[in-house]
Structures are given as structure tokens and as C-alpha cells.
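Trainee: The structure is given below, and queries will be raised subsequently.
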Amino acid sequence: MADYIKFVDVTKCDGCRACMVACKNWNDLPEEPQDFSGSYQSHEKVTANTWNVLTFNEHQRSDGNFEWLFRHQSCLHCVEAACEKACPEDAISHTKFGSVVIDADKCVGCGYCVQGCTFDVVELATYKDKYGKEYRKAQKCDLCTSRLEEGLKPACVTACHTDCLIYDEKDTVLAEAEKRLAVVKERFPNANIYNPQGIKGTTSVYLLADKPSVYGLPENPKVPLSQIVWKDYAQPLGKALFGVTTMAVVGAVISTAINKEKGGHEGGQDHE
Amino acid sequence: MTNHWNDLQHANVLMIIGANPAENHPISFRWITKAKENGGKLISVDPRYTRTSQMADMYGQLRSGTDIAFIGGMINYVLENELYHKEYVANYTNAAYLVTDTYSFEDGMFSGYDEGKRSYDKTKWAFKTDEDGKVLTDPTLKDPNCVFQLMKKHFSRYDVDTVVGVTGTDKKMYLDICKTYGSTGEVGKAGTILYAMGTTQHTVGTQNIRSYAILQLLLGNIGIQGGGVNALRGESNVQGSTDFGLLYNNVTGYMKTPEATEVDSTYQGFLDRITPKAGYWVNTPKFYTSMLKSFYGDNATKENEFGYHYIPKLSAGKNYSFMRLFDAMYRGELEGLLLFGSNPAVGGPNARQEKESLSNLKWMVAVDLFETETSSFWQKEAGADPASIQTEVIFLPACASFEKEGSVTNSGRWMQYRWQAIKPKGESKADLEIVHMLARKLKDYYKNSSNPADLPMKAMTWDYGEHDHPDIDLVCREINGYDMKTKKQVKGFGDLKDDGSTCSGNWIYCGFYPEEGNLSKRRDSTNEGMSNFLNWSYAWPANRRILYNRASADLNGKAWSKDRVGIEWNALEGKWMGHDVPDFVVTKGPDDPTFKDPFIMIAGGKGAIYSTGLNEGPLPEHYEPFENPMLNSFSSVQFNPAVQFGEKEMNPQGDVSKYPIVATTYRLSEHWQSGAMTRSLPGLAELVPHMFVEISEELAKEKGIKNKDKIFVSSARGEIEAYAMVTKRFKPYKLKDKTVHQIGMPWHFGYKGIAIGATANHLTPHIGDANSSIPEYKAFLCDVRRA
């Protein structure tokens, strides 16, 4: 099977937010109305129940030009996914589509993935069991893997009327992306294709109209070495030696260390 | 639309003015994006930088209510720099027509004004004719009394500096826009103008559109693929509504409603009055009689003037439009009101006053999906005292579009049939069912009456089935029309007769349902050329996709551009052929003297640069809105002299000294109209949960307002409280001699539903356009302060 990717050409987005409605509709996510944000943006960022958010950024460029920058914000589905590395329960994995998914049965709601995520996308949702006891599960966009399995495109892509969102064969899309980039450079000199190689690329690739930092995205994200060591070496070894429970405790300690190493989230979500 | 949605992709330049399609007609951007990918340039002209402006290549800011100044300046630029399409203007428009000497224009006033009546004697503006009534022309366009020279003189006053001093547009940007849009005057190029309620909802709304039409005729942009004057209708079927005579002053197919006058006292007298001597409208009697036959069937006979006397007549000169109905309610002159999907307590101008007027009704029936602010106007939460309101209010639950079958006609005049997707909820019914049941009850109620006043109800045919659910197919067949004897479907409006042998409920739709079936159900997406999709649905008239498409070809009948072929004269076949249904007599060839007259609906066949049709003059002239921040720079006439005033108490006027800020209202992608549907949908309420007012950073600083603060906005009509959205997307205007601020706000909000908030229309004035009476929602004065 050829590799497919989701491509987001933000210069084609007209900010209609059909992608947000389509996502909630398909994934049966509850509404979470927010206090007045002071801008057109509905949520500060994606949450456990709002898997994509259209960001609106009133950006005064240094050359004096004004741009109202829109971005469809959702999981980028990193090839080297920090959330997956952070998970002590192997609940997070890559599917054959390249989508990064969370197995709700395995997820214990520890929140390491929330801390670990390079793009501040994963969040914990709180549910109640039949006895009224609260429990938590990590949630985020899964690229509509349930649709991909049926040969359908992600719900957000289907809803998009300007082809700002497309889902197609990777090689074709990336080649087209380069052509698009050349076209939009005239208006957006800082435009770039955001497919960070420090995490071996993403399955959801952006054409951004300005530098990543303008959108609150890290310029050169990497999965911290400690996280890789933890997941790929310490965990398998530790589980063998000390058992799963002990390793979860160790994990908490390491997770704190990882956060320090990351120095918090760069820039945060830049919106009005 | 003269053109249609898919056709937008063919434009070289698109100018969006008085519209915000990225937010209010999002799907249009599928085609606008394609135009851009093909190298097209997009211009957005708006008081506020919108989502459309962000998609555009150029953004021109203009103060609300100054469209004519803006376009007048463009017309002047095009004329001065000779960017216009010379062959087109000379041959396809009335530029060469000579105007009588009684025409004059001085200091903002045309000749023939009657101050007492606030109206003009339009005969003073007539064309000069010879003894046979033929219009005199000067093909060289040099006669000082020809339309071209009069227009040139008129718009020469719209020089760039005066214009930007009125509109507040950045001068350099304005010139760039003039140049870019003016480039479409080049032979073979196409420019399109898209507009919506930002254009129409002004006291000069109709003249705003006239100014677009003139600019488009000058640039040769009418009748061609990728051109046109394109109204983006504000509701999925508003095109259908107006087509079917929903306005008081016309019946179906844009024919006039009779008046209670001596002339109209006989059918023949009425027909003689409304039927022009030339142009396609000479067929009016065929269409009118066929309509009467559809209303009254066998009860419409030659002897009883085809039932003409059954139709209600308007009191001569009386205005029955939306605001005047509320004036009448205010005065207690109306007993009852039927509201179908209408929410004036949120959507009407000076909405609080309109809401108060409802309590003077004896009864009101509201048909809607949800209980609205209007249907609950008597409740405590509406600020009313239920005990003191005597109005009997009946609420009928209606079902949504997905729960019923029928057609909608989109802005591109495509009548698209839709099928029921899900069963209606509860007891809700389709509008058609509700009207059907009501009509059957009424007919039954009056069936034994001998009162002559009840004759129209008795004479009316209502043969759509004997059950509560009507047979919609019978309705469709009647709209198209059939032969009264054979009952065979009529092929097209060319076959309609004035002798009572045919019926047709709406002549412009005649042809959508021939013997072979209902063509609005067609879904063949084959592109046979120029994306006209002739086998997808049905476009009125006659399945024509681009109106006036004869003008897409040159004087010899060849396309102006081989990339833009509408129809062409095929000498071998002896007919017009191409990618569209010809808007011309198919076999009319170069030997015919009217071969070069593309505008077949107009007497003379020439596009109207100059028109005696509108009430305030034959050429558009800038007047300030009812409430305005400055003196008129173009003349000493401040306000449109042909606007009629309604009930004074309904329309208090604010002055700039007390209300120095210009305001406008608009819609958002996420909500729709008065919000009656969208504010009750959780998914949409989540996206825009709060009422807000957009204000510039500069105004916020002046007033000590921070983003997210609660503020009060007040006008002469009332005051509302809402959140301040401080934004870079509004900027103060630097006008001729002062700086003026503008704010804007969505008009979607009310107190019912999930997302609730203050109603913007508590602020808007109760005055409207001099021709259409549409309210001036889009420009008024206010003040703001921190709450």
C-alpha cells in the first residue's frame, strides 16, 4: 500500500470551521462551549473532546503587511511520536496508515503522553463508570482511522470545500506541496512546508504561511533523548527485571525529568 | 446571479463588495479558489477585514454606505483611462442613445423632482425619439446629450481624492483596485462582481447595484463566462421565493400586482399598462393569463377576464413592504399575521419596536422549527407582561429541509430538487403541508357562501390530492404548466397562450417539467464545456446558465475569446451554438437588423447604462445614509431624495454629535440569519457562543476598552450590552476633514436557544431603500462605552 498523508495548506483555508463540526460529528464528541475568547477562536487549543481547533491569529508582519492567519490545529501524527515513547502501557501505537492511535483499553490515564507530546495535542478526558467513579483516558485525533479502514478519508478532509485539507498519496502530495509553496511565496515570503525531520516527519503535513513559531509550533522539534532511552531501552529492560508496576513509578520520575528537559512548551498557542 | 456559482472559476478578476462569501457563502470559495489557481485576482472591498479579505489578493476598506462613491470613482477611472470595451459599449449598451432636453442634473438633483411627494417625474429623463417612437442615437458617442457623454460628465465628479475622502479607502490601494479591475475591459478578459446584503441593505441599495451594472457593461463583462453581476442570495431558496412572487408588488415570474385604479379595473387595461411595446416582455399577457388559469382553472374564462378580478388589488401607491406592515401593526391596523420561518424580533430593523407592535395583533401564527424570540414575544423572558397582551399566538412546528421533499433555487437560478432524508420529528410538518391543510379548510369553510367577497376562495382550484399530505408532483406540474385540454405538459414558455388554453404557475419556470419529466431532478455532472453542466438540475429561464449570453460573442457572432466561448453563430448550421442555451432567437443571423441587440428583455435590446426604471435617477448618485458622520462631498443633497419615510415613531434618527461612530451588522459562517436554527444546534453554538462587537484597537484605546470587556452600544433606537472584540481588522477612516470610527456586530443573537446574547437590531433604523424598501441595516450611527 502506498503511503498516504493528510496535507493542510493553510493558505487555502477560509476559516469556516466545517472541519471542527465534521470531527465532532464523526467522533461523537461532546460540545464544550467556552467563555468569550476575545477572538473568533472558539477554544484556546485542542482538548480531549475537541480534536481539532481552527486558530485565528491577527499577525502584523514585520514588513507592515497584515495577515489573519488561520490554521487547522490537530494531531500531526509524528513518525517518531513522543507520546508513544512516553506511554508506559504501550497504549499508543502507529497504525498501517501512519496514524498514531490510543488504545483506550490499555490506557490507564497516567498522562505521560500529555506531558510528552511535542505539539501539546494529547489531553485527558474524564469519564464516569457505572458506579459514578471517575476515570481518565488520553484522547486526541486519530486521523479517523475508523474511516481509513473503510476506505474513506478523514471527516475533516471530506468536509473541507477549498481543498485546504487533502488526504492522498504521500509522494504526489509532497510534490504538489513544493509547487504550491513556490506560488504562495510571493505573498508569504516566510511560507514553508512543515514536516519536521527531527521527528522523522509527520503524517499530517502543513504548508504554513509563516514561520512555525508564528503558529506556536516548535521550529525544530525532537523527541528528547531521555524519552527515547526510557521507551526503547529502559522500559523493556525494566519490565523484565522489576515488573510493570515498579516501572510505572520510575516512569513518573523520568516524566518529570523529560518536562524539565523540554523547558515547557515553546511559545504556547499563539492566537489573538 | 446573471451567471452561476461554478462559473466564478472563469473570472480573471473577482471583486467582492458588500459580501463576505468566505463566511456567508463558504462553498463559493471552492470556485473562487479555482479562479485564483488559474491566476485570477481576488479583490475584497469591505468596511472590515473579513475572512474573505484574508483570502483576497487586495483589500480595500470602505466606510459603510459609500458604495456609489467607490464604484463611481472606478467608472470615472475606467472612462478617463479608456479601459472600457469600446466595441461592446458602442454596440451592446445604450451608450449611443440620445436623452431628451428635459433631463438635467444639478447639485445632486435630477430634473422632475416633486418635493412634496419626494418623487421624480421619470418622463423627464426619457430618450429622444423620432416621430415613430424610435430612439435617436449617435453611434460616435460624441453628442453631448448621448448616454455616454452624460454618464462621463456625471461621474467626472467622482475623482479619486473626493472618493477616498468619502469612502476612507487608502488612496494607493484604491488606485490599484481601479487598475486591476479595469484591466478586465480588455477584449477577452472577464471580471465578475459578487455582492450580497452589504450592498442592498442601504437607502441607496438598488442604485448601488445599478453602479455595478454600469461598470460591468463598460468593461464588457455581462453575458460572458466568468463575468456578470452576481447576487449571492442570503438564504438557500431566497431566489426561489422572489421568483414566486413573495414580494407584495409582484406576482410569480416578476410580473406586477394589479392596483385598485381606473386603469387596472379591467384585465385588458391592466395588461396594456404593464406590457411594454418592445422586448421579450411583450409576451406578458400569455404569461399572466396562464398564471390565472393555474390559479382558477376552469373558473377562469374569457368572459370573466380569466378570473382577473379574483386577485386582490393593491391600494394605488401604497407600500405593503415589511417595515410598512409593522408600521400598520404599530397603528393597530392589522388583525392577524402568519409568520413562516420569520423572526422579526431578532431580524427586523428597530427590532424592539417591531416586537412591541406584535402585541397590537389579534392573532399571530408562527411556523418554525424552534420557538423563536418572535413566537414568544408575549413571554416574561421577552420582557413582556403576558397578562397585558391579548394577542392569540399559535405555534405550528415546521420540519427542516432534510425532513421534506421539494426544490430550492440557488443564486445561480438552478432549481434543484431534493428528497426527504429523514422523517419529520413529532408533529412537525412541511410548509407545503401546512398551507395545503389550511387552504383545504378555508375552501371547505367558504364552499356554501353566497357572499361575493368569498368568490376568490371558491374559484381557486386546489387539486393536489384529497389528503393532508399534498401530491407535490401535481404542484410541480402546475408550476410548469400544461395544455388545458390535453393536459400535456407545456414544453417551454414560448408555447404559453393568452387565450386560456394553457396554464403555468410561473412562466420563468415553464420548461422545467416537460412531458419527459421533472428536470430539476437531473444529476448528470458531465461538464459539456465551460462548466455549465446543462444536464444538472434546471436553470430558469429555459435552462440558460449565463444570462444575456449573446453578448459573449462579438458583432459577427464569434466569441470574444476562444477560451471563453458561451454561444457563437454557426453560419453553416444557421443557428447559435455553444456551451449554453442561447439567450437569443436561435436562428437569428447576421442579416437580421437586431442581430446586435443582446439584451432581449429590454426594449431596444441594449444594456442599460442609463435607465429610467429607478426612483432616484437614471444614473447612480452618492447620498449619505439616513444616519451619517459627514456632509455629502458630492452635492448639497445629504440624503436620497426619493426615500419614503414610514411611521415616525418607529424611526427615531440619531445625530453624529451624540452618536459619532458608524456601525454595521453582519453574519458569521457559524450562525444563520436570526440564529433561530443555528443557536439551537449545540455544535454551532459551541463555535460562536457569545454576542460580540468588533471594535478597532484605536477606538478601544480612546474609550478605555480592553479586549473581552463588556460594553454598551447605543443608538437612537436603543442600547445593547455585549463583549468587546478588539481587533486589528477594523481601522478608523481618514475622511475628508476628520477621522471616523466604525464598529460592526453580528445580528444573529437573541435570548432563545443555546447560544444567547443581545440583539443587534435593537440598534438599527427603520428606514429603507427608495425602490425595494429593504431596511438600511448596514449603515447607522452609535456610541460605545465600557459597561
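Trainee: Where in the stretch B:225-314 are there helices (runs of 4 or more DSSP H), lying wholly inside it, with at least 2 residues that are closer than 30 Å to B:TRP31 by Cα?
Mentor: Details: elements: B:238-243, B:267-274, B:284-296.
Passing ranges, in order: B:238-243.
Per-residue answers, yes or no, for (1) within 14 Å of chain A (Cβ to nearest Cβ); (2) over 28 Å from the mean Cα position of the chain (by Cα):
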residue: B:LYS648; (1), (2): no, no
residue: B:TRP672; (1), (2): yes, no
residue: B:ARG679; (1), (2): yes, no
residue: B:LEU687; (1), (2): yes, yes
residue: B:GLU694; (1), (2): yes, no
residue: B:LYS703; (1), (2): no, yes
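Trainee: Quick check on the stretch B:13-25: of everything there that is of a type outside the set (A, V, I, L, M, F, W, C) and surrounded by 24 or more Cβ atoms within 10 Å (Cβ to Cβ), which residue is farthest from A:THR11 (Cα to Cα)?
Mentor: In the first step, residues of the stretch B:13-25 are kept if they are of a type outside the set (A, V, I, L, M, F, W, C); the result is B:18, B:20-21, B:23-25.
Still in the running and surrounded by 24 or more Cβ atoms within 10 Å (Cβ to Cβ): B:18, B:20-21.
Working: B:GLY18: 23, B:ASN20: 18, B:PRO21: 17 Å.
By that ranking, first place goes to B:GLY18.
Trainee: Determine whether B:VAL251 is hydrophobic (A, V, I, L, M, F, W, C) and farther than 26 Å from B:TYR666 by Cα.
Mentor: Working: hydrophobic (A, V, I, L, M, F, W, C): yes; farther than 26 Å from B:TYR666 by Cα: yes.
So B:VAL251 passes the test.
Trainee: OK, next. Looking at (1) charged (D, E, K, R); (2) within 14 Å of another protein chain (Cβ to nearest Cβ); (3) touching an Asp or Glu at 6+ places or on another chain (Cβ under 9 Å), which one does A:GLU89 not meet, given that it meets all the others?
Mentor: Against the list (1) charged (D, E, K, R); (2) within 14 Å of another protein chain (Cβ to nearest Cβ); (3) touching an Asp or Glu at 6+ places or on another chain (Cβ under 9 Å), A:GLU89 comes up short only on (2).
Trainee: Taking the options A:SER37, A:SER42, name whichever one is small (Gly, Ala, Ser), within 20 Å of A:GLU123 (Cβ to Cβ), within 18 Å of the chain's Cα centre (by Cα) and facing chain B (nearest Cβ under 10 Å).
Mentor: A:SER42
Trainee: Follow-up. Would you tally the residues in the stretch B:219-230 being buried (at least 24 other Cβ atoms within 10 Å of the Cβ) and touching a strand residue (DSSP E or B) at 6+ places or on another chain (Cβ under 8 Å)? Spell out how you get there, then give the answer.
Mentor: Narrowing the stretch B:219-230 to residues buried (at least 24 other Cβ atoms within 10 Å of the Cβ): B:219-228, B:230.
Add one more test, that the residue is touching a strand residue (DSSP E or B) at 6+ places or on another chain (Cβ under 8 Å), and what stays is B:219, B:221-222, B:226-228, B:230.
Qualifying residue count, the stretch B:219-230: 7.
Trainee: Shifting gears a bit: Could you check how many residues of the stretch B:507-564 are under 25 Å from B:TYR88 (Cα atoms) and either not in a loop (DSSP other than H, G, I, E, B) or not small (Gly, Ala, Ser) (or both)?
Mentor: Within the stretch B:507-564, residues that are under 25 Å from B:TYR88 (Cα atoms) and either not in a loop (DSSP other than H, G, I, E, B) or not small (Gly, Ala, Ser) (or both) number 22.
Trainee: Considering (1) surrounded by fewer than 21 Cβ atoms within 10 Å (Cβ to Cβ); (2) closer than 30 Å to B:LYS41 by Cα; (3) not small (Gly, Ala, Ser), say which one A:ASN220 fails and leave the rest.
Mentor: Of the numbered conditions (1) surrounded by fewer than 21 Cβ atoms within 10 Å (Cβ to Cβ); (2) closer than 30 Å to B:LYS41 by Cα; (3) not small (Gly, Ala, Ser), the odd one out for A:ASN220 is (2).
Trainee: Right, another one. Can you pull out the residues in the stretch B:238-259 that are surrounded by 19 or more Cβ atoms within 10 Å (Cβ to Cβ) and more than 27 Å from B:TYR310 (Cβ to Cβ)?
Mentor: B:GLN239 - this is the single residue of the stretch B:238-259 that is surrounded by 19 or more Cβ atoms within 10 Å (Cβ to Cβ) and more than 27 Å from B:TYR310 (Cβ to Cβ).
Trainee: Next up: Keeping to the stretch A:32-75, report how many residues are of a type in the set (A, V, I, L, M, F, W, C) and more than 22 Å from A:LEU165 (Cα to Cα).
Mentor: From the stretch A:32-75, those of a type in the set (A, V, I, L, M, F, W, C) are A:36, A:46, A:48, A:51, A:53-54, A:56, A:66, A:68-70, A:75; that's our starting set.
Filter once more, keeping what is more than 22 Å from A:LEU165 (Cα to Cα): A:36, A:66.
So the count comes out to 2.
Per-residue answers, yes or no, for (1) more than 30 Å from B:GLN353 (Cα to Cα); (2) among the aliphatic types (A, V, I, L, M):
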residue: B:LEU369; (1), (2): no, yes
residue: B:TRP378; (1), (2): no, no
residue: B:GLU381; (1), (2): no, no
residue: B:PRO397; (1), (2): no, no
residue: B:TYR417; (1), (2): yes, no
residue: B:ILE422; (1), (2): yes, yes
residue: B:ALA430; (1), (2): yes, yes
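Trainee: Inspect the stretch B:701-721 for any residue being among the polar types (S, T, N, Q), farther than 23 Å from B:VAL656 by Cα and crowded, with 20+ Cβ neighbours inside 10 Å and give the result as yes or no.
Mentor: Step one: list which residues in the stretch B:701-721 are among the polar types (S, T, N, Q), which gives B:707, B:714-715.
Going one step further and asking which of them are farther than 23 Å from B:VAL656 by Cα, we end up with B:707.
Subsequent filtering for residues that are crowded, with 20+ Cβ neighbours inside 10 Å retains none.
No, the stretch B:701-721 contains no residue that is among the polar types (S, T, N, Q), farther than 23 Å from B:VAL656 by Cα and crowded, with 20+ Cβ neighbours inside 10 Å.
Trainee: Right, next: Return the residues of the stretch A:3-34 that are under 27 Å from B:TYR49 (Cβ atoms), more than 8 Å from every other protein chain (Cβ to nearest Cβ) and in a loop (DSSP other than H, G, I, E, B); say none if nothing qualifies.
Mentor: If the condition is that a residue be under 27 Å from B:TYR49 (Cβ atoms), more than 8 Å from every other protein chain (Cβ to nearest Cβ) and in a loop (DSSP other than H, G, I, E, B), then A:CYS13 is the only one that fits.
Trainee: What pairs can you find where one residue is in the stretch A:133-159 and closer than 19 Å to A:HIS94 by Cβ and outside the structural domain of A:VAL173 (by TED's automatic domain parsing), the other is of a type in the set (A, V, I, L, M) and modelled with pLDDT of 95 or more, and their Cβ atoms are less than 6 Å apart, with a gap of 6+ or different chains?
Mentor: Every condition considered, no pair remains.
Trainee: A further question follows. Could you run through the stretch B:613-662 and say how many residues are among the charged types (D, E, K, R) and in a loop (DSSP other than H, G, I, E, B)?
Mentor: The initial filter retains those residues of the stretch B:613-662 that are among the charged types (D, E, K, R), namely B:616, B:621, B:624, B:627, B:647-649, B:655, B:658.
When the remaining residues are screened for being in a loop (DSSP other than H, G, I, E, B), the result is B:616, B:621, B:627, B:647, B:655, B:658.
Selection size over the stretch B:613-662: 6.
Trainee: If you don't mind, another one. Please go through the stretch B:9-32 and pick out each residue that is of a type outside the set (S, T, N, Q), within 13 Å of another protein chain (Cβ to nearest Cβ) and touching a residue at least 12 places away in the same chain (Cβ under 8 Å). Break it down stepwise before answering.
Mentor: In the first step, residues of the stretch B:9-32 are kept if they are of a type outside the set (S, T, N, Q); the result is B:10-11, B:13-19, B:21-23, B:25-27, B:29-32.
With within 13 Å of another protein chain (Cβ to nearest Cβ) added as a condition, the list becomes B:16, B:21-23, B:25-27, B:29-32.
Once the filter is applied, which keeps residues that are of a type outside the set (S, T, N, Q), within 13 Å of another protein chain (Cβ to nearest Cβ) and touching a residue at least 12 places away in the same chain (Cβ under 8 Å), the stretch B:9-32 yields B:ILE16, B:PRO21, B:ALA22, B:GLU23, B:HIS25, B:PRO26, B:ILE27, B:PHE29, B:TRP31, B:ILE32.
Here's the yes/no breakdown for (1) within 30 Å of A:LYS185 (Cα to Cα); (2) crowded, with 20+ Cβ neighbours inside 10 Å; (3) touching a helix residue (DSSP H, G or I) at 6+ places or on another chain (Cβ under 9 Å):
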site	(1), (2), (3)
B:ILE32	yes, yes, yes
B:ASP46	yes, yes, yes
B:GLY72	no, yes, yes
B:ASP114	no, no, no
B:ARG118	no, no, no
B:ASP130	no, no, no
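Trainee: Moving on. Answer yes or no as to whether B:ILE720 is touching a helix residue (DSSP H, G or I) at 6+ places or on another chain (Cβ under 6 Å) and within 14 Å of chain A (Cβ to nearest Cβ).
Mentor: On the way: touching a helix residue (DSSP H, G or I) at 6+ places or on another chain (Cβ under 6 Å): yes; within 14 Å of chain A (Cβ to nearest Cβ): no.
Here the answer is no, as B:ILE720 does not meet what is asked.
Trainee: Follow-up. Return only the number of the condition from (1) under 23 Å from B:GLU37 (Cβ atoms); (2) within 14 Å of chain B (Cβ to nearest Cβ) that A:ALA155 does not satisfy.
Mentor: Condition not satisfied by A:ALA155: (1).
Trainee: So, in the stretch B:567-604, how many residues would count as being more than 17 Å from B:LEU534 (Cβ to Cβ) and either not acidic (Asp, Glu) or not in a loop (DSSP other than H, G, I, E, B) (or both)?
Mentor: 21
Trainee: Give me a count of the residues in the stretch A:199-211 that are of a type outside the set (A, V, I, L, M, F, W, C), closer than 19 Å to A:PRO189 by Cα and over 14 Å from the mean Cα position of the chain (by Cα). Working first, answer last.
Mentor: Quick first cut of the stretch A:199-211, residues of a type outside the set (A, V, I, L, M, F, W, C) only: A:200-204, A:206, A:210-211.
If we keep only those that are closer than 19 Å to A:PRO189 by Cα too, we end up with A:206, A:210-211.
Keeping just the survivors that are over 14 Å from the mean Cα position of the chain (by Cα) gives A:210-211.
Going through the stretch A:199-211 one residue at a time, the tally reaches 2.
Trainee: Then there's this: Within the stretch B:614-632, can one find any residue that is surrounded by fewer than 22 Cβ atoms within 10 Å (Cβ to Cβ), more than 30 Å from B:ALA571 (Cβ to Cβ), in contact with a His (Cβ under 8 Å, 6 or more places away or on another chain) and modelled with pLDDT of 95 or more?
Mentor: Scanning the stretch B:614-632 turns up at least one residue that is surrounded by fewer than 22 Cβ atoms within 10 Å (Cβ to Cβ), more than 30 Å from B:ALA571 (Cβ to Cβ), in contact with a His (Cβ under 8 Å, 6 or more places away or on another chain) and modelled with pLDDT of 95 or more.
The values are calculated or read from the model by the stated rules, or taken from the named source; none is laboratory data. Note that the structure is predicted; figures quoted are calculated from it, not measured. A quick note on method: Cβ atoms are made from the backbone with ideal geometry, for glycine too, and the neighbour counts reach across all protein chains shown.
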